[in-house]
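The structure under discussion appears below in the form of C-alpha cells.
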Amino acid sequence: MHKIAGVLLAAGASTRFGQPKQLVDWWGRPLVVHIAETALAAGLSPLVVVIGHQAERVQAAVADLPLQTAMNWRWEEGLSTSVQAGLAALPPDVEGAIFLQCDQPLITADILRQLVARFAETGAPVVHPGTQEQRTPPALFARALFPQLAALSGDQGGRAVIARYSDQAATVAVEDPDRLADMDTPEDYERLRRQASARSQSRDLRSIRHLVIDMDGVLWRGDQPISAILTFFPFMHQHDIRYVLATNNASKRPEQYREKLASFGVDVPLGSILTSAQATAAYLAAREPAGAPLYVIGGEGLRQALEARGFVLTEEGAQHVVVGWDPELNWWKLARAALLIRRGAGFIGTNPDLTYPTAEGLVPGNGATLAALQASTGVAPLVIGKPEPWLYHAAMERMGAQPENTAIIGDRLETDIAGGARLGLFTILVLSGVTSAAQLASSPLKPDLVCTDVAELARRWTETATQEVQPYR
C-alpha cells in the first residue's frame, strides 16, 4: 500500500473572492472542513492543513478532525510559502502527496483515490485529473519532486513543476468537468452551490445501485423482525442492488448478526455485515503497526475485531483508548481510560449513539460513555461510526460504490441520515425505529425519502423505477 499524504492549502486571504474561501459556508460547515473530510475519506494520511490568514478560526473549525495543522507565518508572500510549510510537516516515509485547495468544493474522495491508484500503477512523478492537454488540480507529486516544490517562490504553485514533467505525467480522466471546477468569485461559489443542490435533488431511487442499511430499527426491533424482512432481501437480489448491513453497535461480532438474521429466515453473506468495531479496527490498522497496545472498553465484537488486526489489548503502554458500548461498564474502567487519555493516549469512540434500545426502552449508549470521558479529561474523541464518514466509506469500499449511486437506509436522523447527507448519499428514513413522524416534523434535518418501513420502500422503488431498475454495471 502506497502512503500518500494530503496537504490542504488553507492559509490565504482570498482577496479576489472577498473573504477567506476556507471559512465560507458549505451546507452548514466551513469549506475547509468539507475538503478535509473528503481527503480523509480518500485515505490520505497524514493530512496536513496549512493555516495562516484567520488561523485561529480555521484551527478551531478542523479541531475535531484527525489531521495536523501547519502554521505559515509568511502566507502573505504567496502560495509557494504554504506549499513549503506543508512539505515541512510531512513525515519522511510518505511516497507522495496530493496538494488541495479550498476552492474545488465538488471534488470527490473517489477522484483522489483514483489519483493514488494511478500513481501506484504507473509510478509517474506527477498524477493529475483531466487530460494530457488540460491539467487540473489537485495533483499528486512523488516524493522525488518535493525539493523542486520547496524551491518555488512567490505565488508559484505546483503548475510550474508539472510543466517540467509534462511528458512523464499520468492522468485520471474525469468525465464531469464541474467536479474539478474552482471558485474564484462569489458568482462561482453560487453556481457551484446550485450545481451541488441540483445533483442532490435530481437523484431518485432509479440512480441507486448500492445500499448501506442500518439494522436495528430497520430490519428488526429488539428480537422482533420487521414484517417485510423476508421480501426485502429478495427484492434487492431481483433488482441487482448491492448492500452492506452497517451498524454502529460494536459490542457484537458479525457472526452474531448473521445468526440473528438466519433466525428470521434471511441468509446474508458475512462480508455484507459491517460493524463500527470492524471500521474502527480498519481505521487503526491503516495508521498503527500490528502489535500496537490498545486499552479497550467494549464488548466481544470490538475486542475480536481489534485482535484480528493484530493489536494487543492491554493497559500497559496503550497508545489509544478505544471505547465501544459495554454492558459491563464500571467506574474502574472509566478511571483507567481517563488516566491514559490524560497521559496522551489517543481517544477513539466506535460510535456516538447516546441511547441503546432494549426491550424495556432506551438506555445509555456509547455516546453517554464518551461524554463522561470527555467531561473528565477535556479531550474529545475521534468517532468512527455514523454520522462520521469512516463507516460509510468502509461500506462503500466493500461494494465498489460511489456516493452518487449509494443510499443510506436508517431510522436515526442524528446518525444515519445526518452522516449520509454529509457525504452526498441519498438518504432514506424509515419510521420503524426510534424516529417518529412528530420528531421528523420538528427536525431541521430532512431526508431525501421517508417510508414507514422497508416494505413501503420496495413498493415506492418499483413505482419510481417505472417497473424496471437498471442492472448494476
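Every number in this text was worked out from the coordinates using simple rules, so none of it is lab data. Bear in mind that the values here come from a model prediction, so they are computed numbers and not experimental data. Using ideal geometry, Cβ is built from the backbone for each residue, glycine included, and neighbour counts are taken over all protein chains shown.
If you take all other residues with their beta carbon under 11 Å from the beta carbon of residue 422, and give Lys and Arg +1 and Asp and Glu -1, the sum is 0. Per the Kirkwood treatment, what hydrodynamic radius in Å, one decimal, follows for region 65-139 from the mean inverse distance over all distinct Cα pairs? Evaluated on region 65-139, it is 14.2 Å. Here residue 260 is the anchor, and the aspartates and glutamates within straight C-alpha reach of less than 18 Å, apart from those fewer than 8 places off in the same chain, are 214, 216, 223, 300. I'd like the distance separating the alpha-carbon centroids of region 377-418 and region 40-90, in whole Å. Answer, in whole Å: 25. Placing a pseudo-label 7 Å from each Cα along the Cα-to-Cβ vector at residue 190 and residue 267 gives an inter-label distance of 5.9 nm.
Evaluated over the Cα positions of region 94-195, the convex hull gives a direction-averaged projected area, one quarter of its surface, of 6.9 nm². Computed from backbone phi with θ = phi - 60° and the Karplus coefficients 6.51, -1.76 and 1.60, the 3J(HN,Hα) list for region 184-196 is 8, 10, x, 5, 4, 4, 5, 5, 6, 5, 5, 4, 4 Hz; x is used for glycine and proline. Considering only alpha-carbon pairs that sit under 8 angstrom and 6 or more positions apart, the relative contact order computed for region 277-383 is 22 percent. Mind checking the angle between helix 389-399 and the chain's longest principal axis? C-alpha axes, 0 to 90 degrees, to the nearest 10. So the inclination is approximately 80 degrees. The charge dipole of the chain, taken about the Cα centre with unit charges on the Cβ atoms of Lys, Arg (+1) and Asp, Glu (-1), comes to about 380 debye, rounded to the nearest 20. For region 277-383, taking the reciprocal of the average inverse distance between every pair of different Cα atoms yields a Kirkwood hydrodynamic radius of 13.7 Å. In sequence order, region 204-210 has phi-based couplings of 9, 5, 5, 8, 8, 10, 9 Hz under the Karplus curve 6.51 cos²θ - 1.76 cosθ + 1.60, θ = phi - 60°, and Gly or Pro positions carry x.
Dividing the Cα radius of gyration of region 146-304 by its Kirkwood radius returns 1.13 for Rg/Rh.
In the chain, a dipole from Cβ-located charges (positive for Lys and Arg, negative for Asp and Glu) runs towards its positive end, and of 108, 94, 431 it is 94 whose Cα lies farthest in that direction.
Sequence-ordered 3J(HN,Hα) estimates for region 56-64 from the Karplus curve with 6.51, -1.76 and 1.60 and θ = phi - 60° stand at 5, 5, 5, 4, 5, 5, 9, 4, 8 Hz, glycine and proline given as x. Bridges between two residues of the chain, per DSSP, are antiparallel at a rate of about 25%. Would you mind computing, in nm to one decimal, how far apart the modelled labels at residue 144 and residue 77 are, each placed 7 Å from Cα along Cα→Cβ? Rounded to a tenth, the inter-label distance reads 2.9 nm. In this structure, the amide hydrogen of residue 382, modeled 1.01 Å from its nitrogen in the peptide plane, lies closer than 5 angstrom to those of 347, 348, 349, counting only residues at least 5 positions away or on a different chain. Region 315-330 and region 148-186 have Cα centres separated by 45 Å. Between residue 151 and residue 300, the simple label model (points 7 Å from Cα in the Cβ direction) yields a spacing of 6.2 nm.
Dividing the summed -39500 (n - 2.57) terms of all DSSP H runs of n ≥ 4 by the residue count of the chain sets its mean residue ellipticity at 222 nm at -10000 deg cm²/dmol. Per the Debye formula on identical point scatterers at the alpha carbon atoms of region 325-473, with no solvent, log10 I(q)/I(0) at q = 0.10, 0.12, 0.16, 0.18 Å⁻¹ is -0.46, -0.64, -0.98, -1.14. All other residues whose Cβ lies under 15 angstrom from that of residue 13 are scored, Lys and Arg at +1 and Asp and Glu at -1, for a net of -2.
When restricted to Cα atoms, region 4-199 yields an Rg and a Dmax of 15.5, 43 Å, respectively. Computed about the Cα centre, the dipole magnitude for region 277-383 is approximately 340 debye when only Lys and Arg (+1) and Asp and Glu (-1) carry charge, each at its Cβ. Selection among 302, 399, 379 by position relative to the dipole of the chain gives 379 as farthest towards the positive end (Cβ unit charges, Cα centre).
For the chain, the ratio of Cα radius of gyration to the globular rule of thumb 2.2 N^0.38 Å stands at 1.00. The angle between the Cα long axis of helix 276-285 and the longest principal axis of the Cα atoms of the chain comes to about 30 degrees, rounded to the nearest 10.
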